[in-house]
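Down below is the structure, laid out as structure tokens.
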Amino acid sequence: MAKVPVQFTLNGSEKAEFVESGTTLLHALRDKIGDTSPKGGCHQGTCGACSVIIDGELRLSCLTLAETCGGADIRTTAGLAEGGVLHPLQRAFLDAFATQCGFCTPGMIMAAKVLLDRTPNPSREDVVEALSGNICRCTGYEPIIQAVLAAARANSQNAA
Amino acid sequence: MELRKDYFADVRKDGLHEIGQGRPRLDSPGHVTGKTAYFADRNFPGMLHLKMVRSPHHHARIRSIDTSEAEKHPGVVRVLTAKDVPHNVYTILILIQIGPEDETVLADGKVRWKGEAVVAVLAETERAAQEAAAKVKVDYEVLPAVFDMEEALKPGAPLVNEYHGQNYYLYDSGECRKVRFGDVDASFAQADHILEQSYQSSPIEHAPTETTGCVVTPEGNDRFTCYTNTQAMFFTLDNASIILQMPGSKLHFVGGTVGGGFGGKVDVIVEPIAILAAKLTGRPVCFIYSREEEMQISSPRAAEKVVIKDGVMKDGRIVARKVTGYTDAGAYSRHSPYGAQKGAAHYPGPYTIPNVWIDTYCVYTNRTPSSAMRGFGVTIGDFALEVQMDKLARLIGMDPLEFRFINAYRDGDMKAHRQPTEGAALIECMQAASRAANWPVAEKYMAMSSYRKGV
Ligand code: FES
Ligand code: FES
């Protein structure tokens, strides 16, 4: 099958790959580039485990074709910690016990990040709405909601 | 958080101090940074993808299998059928002497449930494996199927599994697990009220976020490394060793990180065939359930039916309990004979009842094989028992919590299966619950003790 070249930045660094036409971004990131932080829980757009941020928008990488990502700025949970220091969301997920098996966690953190980037002081309803595309079978969601609210509080304290 | 240590104070003198403390989980830093390595995060050059051809029928004889078109499909490396599997008929619990072997790795001559694995296709890409699997031709003669446990137990029902010879698991105690304690019939005759109710549950899928699977690499020295999300590492290693007729020393299992299990990943299903495929092709092999397979193919919690007949006195004492439990194993045993057996010990509940009669059946039907899930064998029973307890309390016009105090087991009481009660603490839990839920009970119940020092 014909391969197509694709070039984008992933967590700030340039990546270039040849992919088969029709390859999903999830597959390209995990199996070609080696960033396994997005997870494949369903490969059909229903679980949110594969969530990544493309040009500031939350996207399901299992439903995004890699060849459509030329020139894009792609962010994943693997690139969130800076210089070994955890992002406030990562810190909050740790402290609030918001991760059990951890399989949904990278996707949850991506969804929460897009929310906080736009709505620095979200209400509980905002958080529930923002996470509504992400399934967690372990935690019962409440610790995750609390973690996102705690991260928002930590952000606003740092800003003050 | 309030911690009550007084009840076990004479048992534990070692000054436990961890409960009530916040302790970080050791695996969380990996989870929040995306660094935790799940089995599917391993990728090896030249890795093949395995896809199963599955039965579209609930029960059918296989007349013939034609893999020739699939083998010609571009990208296909190998196609496996029953004859390729060294020890094709197995059962997981054979490791603890619970036989007979009753399940095939790949169907041989017959399929017994819709979704059963028939042919394994190995190809360079997932897509090629999928396309080739669709080209395998299996000629089936559809047989009558049975889906209801009580129908399956009737004479003349279609025989689901020839390795058992009848549609129930044959325990050493006969067609069911039995508990006989006291004289239920005499007590029913003297009871003020009798209440007989039946409770039923459907199969429940665990639906872990990470689907079941494994990645196997041949190490070039006749040894194989299997990265797996099994919840039952050594069970899987030992069963793989039996199925592949290969010493366990040749198998290296790497696991421990499970993206959600809940009991759904204790069966030995994906690993043996993937190891065999790696051995026969000399290439790394990846076998991951699709979401659809996870929901439809992986074992659910068994459907259960529980029929409870209780004799109760106006003063609140339950004097007799008779239970008949049915566990739907589906087409194969997996962990269900054990689950049904657990139910037999559990059905009196945490109550002291002087006369008990229990039969629990592990029944074979043409449904998806069921297996372990969080407290299997007792969880559905607890639902049934506690609903029954509420109904009994209502029947005699008693407060449901006080009714449970009257019947609660206490240290030293003999249970129906003849294990003395130790460390019960049920009375103390109910007293704490009464306060916490602001559901007051009479003072005499608050003065009770599991040690029987009180009332
Ligand atoms: S893997 Fe993309 S939504 Fe589930
Ligand atoms: S922590 Fe397991 S799915 Fe969310």
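Here are a few things to note about the model shown:
- The single condition among (1) open to solvent by 20 Å² or more (accessible area, probe 1.4 Å); (2) free of Cβ contacts under 8 Å to residues at least 40 places away in the same chain that A:GLY79 does not meet is (2).
- Looking at B:VAL184, B:VAL138, B:VAL160, just one residue is over 30 Å from B:ALA82 (Cβ atoms) and either surrounded by 20 or more Cβ atoms within 10 Å (Cβ to Cβ) or within 16 Å of ligand 2 (Cβ to nearest atom) (or both), and that residue is B:VAL184.
- Test for A:ILE54: is it farther than 28 Å from B:PHE262 by Cα, within 16 Å of ligand 1 (Cβ to nearest atom) and within 14 Å of chain B (Cβ to nearest Cβ): no
- One residue from B:ALA416, B:ALA408, B:ALA372 being of a type in the set (A, V, I, L, M, F, W, C), in the same structural domain as B:THR327 (by TED's automatic domain parsing) and crowded, with 20+ Cβ neighbours inside 10 Å: B:ALA372
- For segment B:171-200, a residue qualifies if it is under 22 Å from the mean Cα position of the chain (by Cα) and acidic (Asp, Glu), and the qualifying residues are B:ASP172, B:GLU175.
- Per-region count, segment B:418-438, residues hydroxyl-bearing (Ser, Thr, Tyr) and free of Cβ contacts under 8 Å to residues at least 40 places away in the same chain: 1
- Residue match in segment A:119-140 (condition: touching a Ser or Thr at 6+ places or on another chain (Cβ under 7 Å), in a helix (DSSP H, G or I), buried (at least 24 other Cβ atoms within 10 Å of the Cβ) and not hydrophobic (A, V, I, L, M, F, W, C)): no
- Only one entry of A:ALA147, A:ALA151, A:ALA111 meets the criterion of being crowded, with 20+ Cβ neighbours inside 10 Å, within 16 Å of ligand 2 (Cβ to nearest atom) and either outside any helix (DSSP H, G or I) or within 13 Å of another protein chain (Cβ to nearest Cβ) (or both), and that entry is A:ALA147.
- So B:ALA416, is it within 20 Å of B:ARG321 (Cα to Cα), outside any helix (DSSP H, G or I) and within 30 Å of the chain's Cα centre (by Cα): yes
- Filtered residues of segment A:61-76 (kept if open to solvent by 40 Å² or more (accessible area, probe 1.4 Å) and out of contact with any strand residue (DSSP E or B) (no Cβ under 6 Å at 6 or more places or on another chain)): A:LEU63, A:LEU65, A:THR68, A:GLY71
- The set of residues in segment B:106-126 being open to solvent by 20 Å² or more (accessible area, probe 1.4 Å) and assigned to a loop (DSSP other than H, G, I, E, B) consists of B:ASP108, B:GLY109, B:LYS114, B:GLU124, B:THR125.
- Search result, residues across segment B:256-285 that are more than 16 Å from ligand 2 (Cβ to nearest atom) and open to solvent by 10 Å² or more (accessible area, probe 1.4 Å): B:VAL266, B:ASP267, B:ILE269, B:LYS279, B:LEU280, B:THR281, B:GLY282, B:ARG283, B:PRO284
- Scope segment A:101-135; condition within 16 Å of ligand 1 (Cβ to nearest atom) and not small (Gly, Ala, Ser); matching residues: A:CYS101, A:PHE103, A:CYS104, A:THR105, A:PRO106, A:MET108, A:ILE109, A:MET110, A:VAL114, A:LEU131, A:ASN134, A:ILE135
- Residue check for A:ARG30: open to solvent by 20 Å² or more (accessible area, probe 1.4 Å) and within 12 Å of chain B (Cβ to nearest Cβ): yes
- Of all residues in segment B:200-226, those that are assigned to a loop (DSSP other than H, G, I, E, B), without any contact (Cβ under 8 Å) to a residue 60 or more places away in the chain and either in contact with a strand residue (DSSP E or B) (Cβ under 7 Å, 6 or more places away or on another chain) or within 14 Å of chain A (Cβ to nearest Cβ) (or both) total 3.
The values are calculated or read from the model by the stated rules, or taken from the named source; none is laboratory data. What you see is a predicted model; the values in this text were computed from it and never measured. Backbone-built Cβ (ideal geometry, glycine too); neighbour counts: all protein chains shown. Only protein heavy atoms, including side chains, enter the accessible area calculation; ligands, DNA and RNA are left aside. Shrake-Rupley method; radii C 1.70, N 1.55, O 1.52, S 1.80 Å.
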